[in-house]
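For reference, the structure is listed below as structure tokens.
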Amino acid sequence: MIQKTLYSLLLVTGVVLATSAQNNANFPQAFISMQFTVGKHNVQFKTLGHSPGFSFGFKVNAGIYLVSNDNYAGGLHFTLVEGASNNKKRRKMSEAFDRPDKGFDKHIVYKFAMFRSSNVGWFSELKTGDVTLFHQIGFGIFGLTENDPLYNLGMHNHVGIITQQATDQARLHLGLMHDWTIGAGNPNYSISNVGVSVGGMRNF
């Protein structure tokens, strides 16, 4: 799974760079960004309870601009979020958990749980002078990446600001992001993560 995700990221990055190289007249045409994140990650065992814990990780993001005018720009993006969190009661809860829906597998979740969100979607940027407001929404997989993976359909939201101009070598990227499961791959569990992000962005 990790190899496939990395191959997808490399493919998108290659397309982004190739697209930007074809026509520089309409700069910018693409972006790549990376942010570090801290927040709270929660695994809910349905009917038993929540197991929230402090989370940390990183987000890698690449996108292609499809719409651009004086104040608004938008397009398609690929996002990968990798993180981990800790809750000392989580392992015991997962072992004691009596699944309300017996037709779905039971998962042992570690105290130190690792998670991933991999998604594609649409990004929007609203230019307001030296600061750009942005929003990203994406859909894909979201779940735990432990020895016993637990994936589900997930939604990713990220909102915040980008400083400086697209013509600058690097831009500061600050935001608030939220991932959560929206599918019913295994209705016995629900997973979410909310955090602040700090990093950099480069336009092409």
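The values are calculated or read from the model by the stated rules, or taken from the named source; none is laboratory data. Since this is a predicted model, take the numbers as computed values, not measurements. Using ideal geometry, Cβ is built from the backbone for each residue, glycine included, and neighbour counts are taken over all protein chains shown. Heads up: the accessible areas ignore ligands, DNA and RNA and are worked out on the full protein's heavy atoms, side chains in. Shrake-Rupley method; radii C 1.70, N 1.55, O 1.52, S 1.80 Å.
Numbers at a glance
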item: In the range 95-204, trypsin sites (Lys or Arg not before Pro) in a DSSP loop with at most 12 other beta-carbon atoms within 10 Å; result: K102
item: Rg/Rh ratio calculated on Cα atoms of the chain (Kirkwood radius); result: 1.04
item: Leading residue at positive end of dipole, the chain (Cβ point charges), from A170, F134, N147; result: N147
item: Accessible area expressed per residue, the chain, with surrounding protein chains retained (probe 1.4 Å, Å²); result: 49 Å²
item: Surface share of carbon and sulfur [accessible, 1.4 angstrom probe, percent] for the chain; result: 63 percent
item: Angstrom value of the Kirkwood radius, inverse mean 1/r, which spans all Cα pairs in the range 23-69; result: 14.2 Å
item: Solvent accessible area, Å² - L126, 1.4 Å probe, full protein context; result: 80 Å²
item: Computed [θ] at 222 nm, helices only, for the chain once each DSSP H run of length n ≥ 4 contributes -39500 (n - 2.57); result: -4500 deg cm²/dmol
item: Charged-residue dipole, Cβ positions (Lys, Arg, Asp, Glu), the chain about Cα centre, Debye nearest 20; result: 700 debye
item: Sequence of T128, T181 when ordered by accessible area, the most exposed leading, probe 1.4 angstrom; result: T128, T181
